[in-house]
Structures are given as structure tokens and as C-alpha cells.
Amino acid sequence: MLKNLRISIVLLLICGVVYPFAMTGISKLFMPAKAEGSLINEKGNVIGSELIGQMFTNPNSFRGRVSSIEYNAAGSGSSNYAPSNKEMIERTKQDIEAFLAANPNIKREDIPADLLTNSGSGLDPHISPMAAKIQVPRIADARGISEEQLYNLIAENTEGRQYGIFGEPRVNVLKLNLALDRMK
């Protein structure tokens, strides 16, 4: 009995204290920005993370994906509703109507799915390049910027497939909006 208790305490210290501190120290040494949460600083203030989406509602900014948890990183997750769930159908209809009201030149069938659906975590900071491009007319009108400049900005901020083979091209909405703000 005493032997089992000692083994448990030793393993608790190794696995619960020594290992996490060692990995954190190694991470901070070799990749400090990632170890600190990939934070984005603007003029000395932390304004977000590359890894966690934010809610953008201003008509002159790009909008990201829908989030059931309002991008609260304390409890990531999704509603996990089935496509046939009445609440999910109603929420999606409302999101479509809100998007069409903000972007009156867009047809319902042209709205990319990633602007209407959650990611698995509810925290995804990325949208597809098409989801960014479909918002260009609204932002060009709101900011008085040419659409061509915005398409170029999207192209500059589009990340390719990870390692060239995994995933799809994507645009980080926070980084895109920051680049947009710097265009003045």
C-alpha cells in the first residue's frame, strides 16, 4: 500500500510537474511566439491570437466564421446540432438573412459554407479565400477602397496548404483586418 502511494506521488510529480515545465521551457527556447499563444501585438497591446477567432461585426471589416461559443476560448466546442435540428436550421436561416442584408449584392446560393457553419472548436480564426472575396464589394463601399486593392490584400494574406499537402488555403481574419486597417 505504501509502495503504491510512493509510486503514485513520484509519477504525479514527473508527469504533472517536471514534464510540463520541461516542455514549456523547451518550447519557449525554440519557438517563443508559439509557446506564448501566438499572440498578435499592435502598438504594444495584445489584440488577439493567430489561433483564436474573433467576432467582427463592423461593416467595414471582414467577418469570420459563426461561433456557437462566441469565440470564448475558456470552453471551446460547437453546438453539435444535426443538420436536421430545428434550432440549427433557424440559426442558419437567420445568419443567411443577416449576411444578405449586409451584402445585398450577393446571391443566397453564392454564400460559402464556412461563413454559415461552426468549426469543431468554435474558435477557428480562418475563412476560405472565397469567403473573404465575397465580402469585398461591401468593404470596398464602406472604406472607399478599390475592389482590386482588396483582392490583392486577400491574396497577400492567404496561407497555403500546411506543408503543401494538408488542408485547404485559408485566410486569417484578424490578420486580414489588421492589414486592411494599415491600408489607410
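Taken together, the values in this text are just the output of simple stated rules run on the coordinates, not laboratory data. Everything numeric in this text was worked out from a predicted model, so none of it was measured. Don't worry about glycine lacking a Cβ; one is built from the backbone with ideal geometry, like all the others, and counts go over all protein chains shown.
Observations on the structure shown:
- Dipole magnitude for the range 39-182: about 60 debye, using +1 per Lys or Arg Cβ and -1 per Asp or Glu Cβ, origin at the Cα centre.
- Overall size of the range 7-60 from C-alpha positions, given as principal axis extents largest first: 59, 23, 14 Å.
- Per principal axis, descending, Cα span of the range 1-96 in whole Å: 62, 43, 17
- Stokes-Einstein D in µm²/s, Kirkwood radius over Cα pairs - the range 138-184 at 20 °C with 1.002 mPa s viscosity: 185
- Whole-number percent relative contact order across the chain, with pairs defined as alpha carbons under 8 Å at least 6 apart: 21
- Of the trypsin sites (Lys or Arg not before Pro) in the range 77-158, the ones in a loop by DSSP (not H, G, I, E or B) with at most 15 other beta carbons within 10 Å are LYS107.
- Computed over the chain, the P(r) curve from all C-alpha pair distances, binned at 10 Å from the origin, holds 8, 28, 31, 17, 9, 5, 2, 0 percent per bin.
- Between helix 147-156 and the chain there is an angle of about 20 degrees, using the helix long axis and the longest principal axis of the Cα atoms.
- Scanning residues 5 or more positions from GLY48 or on other chains, those with amide H under 5 Å from its amide H are ILE40, with H placed 1.01 Å from N in the peptide plane.
- Using alpha-carbon coordinates, inclination of helix 2-13 to the longest axis of the chain, degrees: 40
- The stretch between ILE26 and ASP110 holds 25.6 nm of extra length on full extension. This uses 0.36 nm per residue minus the Cα-Cα distance.
- For the chain, the mean residue ellipticity at 222 nm estimated from helices alone is -12500 deg cm²/dmol, where every DSSP H run of n ≥ 4 contributes -39500 (n - 2.57) and the total is divided by all residues, rounded to the nearest 500.
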